[in-house]
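The values are calculated or read from the model by the stated rules, or taken from the named source; none is laboratory data. Since the model is a prediction, treat every value here as computed from it, not as a measurement. FYI the Cβ positions are ideal-geometry reconstructions off the backbone, even for glycines, and counts take in every protein chain you see. With ligands, DNA and RNA removed, areas are computed over all heavy atoms of the protein, side chains included. Shrake-Rupley method; radii C 1.70, N 1.55, O 1.52, S 1.80 Å.
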Amino acid sequence: MEDEVDRLVAAWRRERPDLDVEPLEVLSRVSRLARHLDRARRIAFSEHNLEPWEFDVLTSLRRAGAPYQLSPGQLLTQTLVTSGTMTNRIDRLTKKNLVERLPDPSDRRGVLVRLTAEGRDKADQSLAGLLDQERAILGELSRHQRAELAGLLRQLTAPFDNIPT
């Protein structure tokens, strides 16, 4: 089976035989797959009236376990955005009654961000929709192939996830 990346690589090999274009065979596919995944995520989230960034914040809180709360700093770490961006996102989610700000009992100056019941429902429902979309994307792979691919991708992403900040 040939795909668009095969055609792209063949063209570069023809036009630039002096270059080793082998990285394109993997990373161009990862890039194309990321675009398809982004579309699938947007479809899943739009069905629940969520933006991708809203899903990221809500599911970060949901993964934290009961009582589904984190500090803004913890949310920054998990969502890879600046503090100003996170403040804006928390404000917008608060207005939609999906999160609430509470005083941090261990830090009089700090706050905690907690999922509301509505926020928890949105997180759960949109996650289920996303998983349906992702299963469809991975449908051509066996369970063994999915596990193998996950391991290989982990090798590539782990160094980026473990860079000291």
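Exposure here means at most 14 other Cβ atoms within 10 Å; with GluC sites (Glu not before Pro) in a DSSP loop as sites, the longest stretch of the chain lacking them is 48-139. Peptide packing for 63-69, 101-107 was compared via the average number of neighbouring C-beta atoms within 10 Å per residue; ordered from the highest value, the list is 63-69, 101-107.
Considering the chain, its Cα convex hull presents a mean projected area of 13.0 nm². Largest mean-square fluctuation among Gly151, Gly73, Gly119, in a Gaussian network model of the chain whose springs join Cα atoms under 10 Å apart, belongs to Gly151. Here the dipole of the chain is about 620 debye; that uses its Cα centre as origin and unit charges on the Cβ of Lys and Arg (positive) and Asp and Glu (negative).
Roughly speaking, to the nearest percent, how much of the range 1-65's 1.4 Å accessible area is carbon and sulfur? Carbon-and-sulfur percentage of accessible area, whole number: 53. From its DSSP helices (H runs of at least four residues, each -39,500 (n - 2.57)), the chain gives a residue-normalised ellipticity at 222 nm of -22000 deg cm²/dmol. The value obtained for the range 30-78, namely the Cα convex hull volume divided by the number of residues, is 89 Å³ per residue.
All other residues with a Cβ under 13 Å from the Cβ of Gly73 taken together, and with Lys, Arg as +1 and Asp, Glu as -1, what is their net charge? Neighbourhood net charge equals -1. The spacing between the range 3-45 and the range 53-80, judged by their C-alpha centroids, is 32 Å. Across all Cα atoms of the range 1-47, the radius of gyration (one decimal) and Dmax (whole number) stand at 14.3, 48 Å.
The HN-Hα couplings worked out from phi for the range 85-96 by the Karplus form 6.51 cos²θ - 1.76 cosθ + 1.60 (θ = phi - 60°) are 5, 5, 4, 4, 5, 5, 4, 5, 5, 5, 4, 8 Hz, whole numbers, x standing for Gly and Pro.
Assuming charge only on the beta carbon of Lys and Arg (+1) and of Asp and Glu (-1), the dipole of the range 1-83 about its Cα centre is about 260 debye to the nearest 20.
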